[in-house]
Amino acid sequence: MKFWHVVLSPKFIKNVPASIPIEEILSAIQVFSKNSGSLKVRFQFPGSKLDTTNWVLESPDTVLTELTQIKKIPIRWNMYQISEFYHIKRCNFCQAYGHTTKNCHHNIPSCATCVGYHTTKDCLSEYCFCVNCFSKNNFDHNNPSSYHSARDKRCPCYLTEIELHKKSRHYSHNWITP
Ligand SMILES: [Zn+2]
Ligand SMILES: [Zn+2]
Ligand SMILES: [Zn+2]
């Protein structure tokens, strides 16, 4: 006997006013995606704009594909962005990927902005230097591809993590024979 392992992928709706109930958001999505009844609300966290919230919804791959094509949905005459949510763990203390601050075994912080031995919030540096790209480039201080913050969403190390994350998700597409 074979089982089809359904992959649930989170979707991410950005900066929706906190006053709009989730039911209204779900019915707005339903207009565009006929299978969206299978969406599950995972969690929410504050948006980047005041009094807004980000919703993370879990969806089967079929709905994910539909929503990826839609990209935006109108709610109360405004457009809201839908995008894939990547749960990439990055340590805020040493900036390494794969663990969180709580599980960090470093005693000295690495600044996300300048790679100095101080916490990111205490940084006074005027330049950016990425600790992850710095290690990857064999500690070459003069490599310009390290001149960005470790929190930069365009950081090559971050993009690599996303690719790995996507691959690990697609792994579950395989047939599973018990
Ligand atoms: Zn760490
Ligand atoms: Zn710094
Ligand atoms: Zn980087």
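A few remarks follow.
- Cα centre as origin, Lys/Arg/Asp/Glu Cβ charges: the chain dipole, Debye: 280 debye
- 15 Å beta-carbon shell around P156, net charge (K/R +1, D/E -1): +1
- Taking Lys and Arg as +1 and Asp and Glu as -1, the other residues whose beta-carbon sits under 12 Å from that of V31 total -1.
- Once you reduce region 28-56 and region 84-127 to the center of their Cα atoms, the two points are 29 Å from each other.
- Label-to-label distance, nm, for residues given as D122 and D61 (7 Å Cα→Cβ offset): 4.8 nm
- In this Cβ point-charge picture (+1 for Lys and Arg, -1 for Asp and Glu), region 9-84 has a dipole of about 160 debye about its Cα centre.
- Simple point charges give the picture: +1 on the Cβ of Lys and Arg, -1 on the Cβ of Asp and Glu, and for region 101-171 a dipole about the Cα centre of about 400 debye.
- When each of the peptides 103-115, 119-131 is scored by the mean number of other C-beta atoms lying within 10 Å of its residues, the order from highest to lowest reads 103-115, 119-131.
- FRET efficiency estimate (nearest 0.05) - Cβ-Cβ, N142 to T101, R0 35 angstrom: 0.70
- Estimated FRET transfer efficiency when R0 is 35 angstrom, pair N35-T160 (beta carbons, to 0.05): 0.65
- Between 0 and 90°, nearest 10: helix 61-70 axis offset from the chain longest Cα axis: 80 degrees
Laboratory data are not the source of any read-out in this text; all were calculated from the coordinates shown. For clarity, every value in this text was computed on a predicted model and none was experimentally measured. Note that each Cβ is placed from the backbone with ideal geometry, even for glycine, and that neighbours are counted across all protein chains shown.
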